[in-house]
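Below: the structure, in structure tokens.
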Amino acid sequence: MGLLSLLSPRTNPERKIWLSDTYGGPLDPTQRPDADAILCTHFRSQPFDTADYKFDTFGNEAATQHVLELIVGLHDQIDQCAHFSKREKRNFRAMGTGVLINAAPRTEASPKNGENFVVADLRGNIRVVATPLSELSPVKNDVERLRIVPNHANGLWEDREQFRSSYAGLLLDEKFAKRFPLKEADPASIPDPDEQWKLAYVDRFGNLITSIRDPRLQLHKLQNLQTWHRGFRLRIGDCVRDDLVLGNSLTGAGPGKLVVYGNGNVDVVRKWEPLDTARQKIDRSAYYQFGQPSVGSSVSAEGADPESSAAM
């Protein structure tokens, strides 16, 4: 067992990221703090600084899976950086990262008081306290230990407590977590990741980040539609558009165009025009041109040729 595995269950994370629908803020994702941008900047420019970020997710709960997967990926980027020494990388991991995700809706009529919270220790000294269990799906293969927090008689909150997330963050610190009757569970019980193409995130500029198991394969399929079916139509949620450009990057498209390109995922972005005002950059963004789709909406494409039945 390596040093990092030994550290994982024993340290209180020095970086903490809170994703909850309780903090308040605008519903429009272009008007709220951009968790993706903030976290990328922190981990790439301030990797050895402590952190305490709170992001409101109300109405945008489905984006939490993207953010969690991003956090794990940013840790891996640091592990692979040539400009950090081995000691610096060890120190970075030893600081620990904790993530609280509160994304379970209260819609059931049963007395179980919502889905259980779980405590998951991921490789590389990352701890996640989350509800529901499916929040861990994108990082299922990274989970080394999984424990369930019983809803009732757990010693942390009263059985009918409605603000459980205000207590659950204490479990990011193993010193306190071991004081409560957490139940060991098999990480294999975490649901497998959703393989469907869907909208994963909307950033503050209204750019759309989609997720699919194999982004490169999906881009190849779009290229085939472009070549053999006079272009393609893209559907996100209930909106369909056929005025998109398939590119290798944003720079290859003309101003004002909607561009689909690979950026780790498959992104849909409108390239700004030189005279766009700040307001126009948002109002004409991909998010608004696709009718403000909800994160989690399905994404699909078909040939632009009216006689084509090709779809993917």
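A compact table of results
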| quantity | calculated |
| --- | --- |
| Count of residues meeting criterion [within 19 Å of Ser165 (Cα to Cα), in a helix (DSSP H, G or I) and open to solvent by less than 30 Å² (accessible area, probe 1.4 Å)] in region 45-76 | 4 |
| Candidates Thr107, Thr22, filtered to the one that is at pLDDT below 95, assigned to a loop (DSSP other than H, G, I, E, B) and closer than 18 Å to Leu172 by Cβ | Thr22 |
| Any hit, region 215-227, residues being of a type in the set (S, T, N, Q), touching a helix residue (DSSP H, G or I) at 6+ places or on another chain (Cβ under 8 Å) and crowded, with 16+ Cβ neighbours inside 10 Å | no |
| Scope region 133-166; condition surrounded by fewer than 17 Cβ atoms within 10 Å (Cβ to Cβ) and at pLDDT below 95; matching residues | Pro150, His152, Ala153, Gly155, Glu158, Asp159, Arg160, Glu161, Gln162, Phe163, Ser166 |
| Residue count for region 228-259, restricted to those that are open to solvent by less than 70 Å² (accessible area, probe 1.4 Å) and either in contact (Cβ under 8 Å) with a residue 40 or more places away in the chain or under 22 Å from Gln196 (Cα atoms) (or both) | 13 |
| Some residue of region 80-88 being modelled with pLDDT of 95 or more and open to solvent by less than 10 Å² (accessible area, probe 1.4 Å) | no |
| Verdict on Asn91 being open to solvent by 10 Å² or more (accessible area, probe 1.4 Å) and touching a residue at least 60 places away in the same chain (Cβ under 8 Å) | no |
| Test set (1) at pLDDT 95 or above; (2) under 24 Å from Arg164 (Cα atoms) - Arg93 fails condition number | (2) |
| Some residue of region 200-209 being over 18 Å from Asn102 (Cβ atoms) and in contact with a Leu (Cβ under 7 Å, 6 or more places away or on another chain) | yes |
| Spans of helices (runs of 4 or more DSSP H) in region 140-238 with at least 2 residues of a type in the set (A, V, I, L, M) and under 30 Å from Ala286 (Cβ atoms) | 215-228 |
| So Gly124, is it in a loop (DSSP other than H, G, I, E, B), modelled with pLDDT of 90 or more and touching an Asp or Glu at 6+ places or on another chain (Cβ under 8 Å) | yes |
| Residue match in region 101-110 (condition: out of contact with any Asp or Glu (no Cβ under 7 Å at 6 or more places or on another chain) and buried (at least 16 other Cβ atoms within 10 Å of the Cβ)) | no |
| Any hit, region 174-187, residues being closer than 20 Å to His66 by Cβ, surrounded by 14 or more Cβ atoms within 10 Å (Cβ to Cβ) and of a type outside the set (S, T, N, Q) | no |
| Hits in region 249-271 - residues which are part of a loop (DSSP other than H, G, I, E, B) and either at pLDDT 95 or above or in contact with a strand residue (DSSP E or B) (Cβ under 9 Å, 6 or more places away or on another chain) (or both) | Ser249, Ala253, Gly254, Gly256, Lys257, Asn263, Gly264, Asn265, Lys271 |
| Residue pairs meeting the criteria (Cβ under 7 Å; at least 6 apart or on separate chains; first on the phi > 0 side of the Ramachandran plot and open to solvent by less than 60 Å² (accessible area, probe 1.4 Å), in region 189-214; second among the aromatic types (Phe, Trp, Tyr) and at pLDDT 95 or above) | Gly206/Tyr287; Gly206/Tyr288 |
| Condition check for Gln280: open to solvent by 30 Å² or more (accessible area, probe 1.4 Å) and on the phi > 0 side of the Ramachandran plot | no |
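The values are calculated or read from the model by the stated rules, or taken from the named source; none is laboratory data. All figures in this text were calculated on a predicted structure; none of them were measured in a lab. For neighbour counting, all protein chains shown are included, and Cβ atoms are generated from backbone atoms with ideal geometry for every residue, glycine included. Each accessible area value is taken on the protein alone, full model and side chains, heavy atoms only, with ligands, DNA and RNA left out. Shrake-Rupley method; radii C 1.70, N 1.55, O 1.52, S 1.80 Å.
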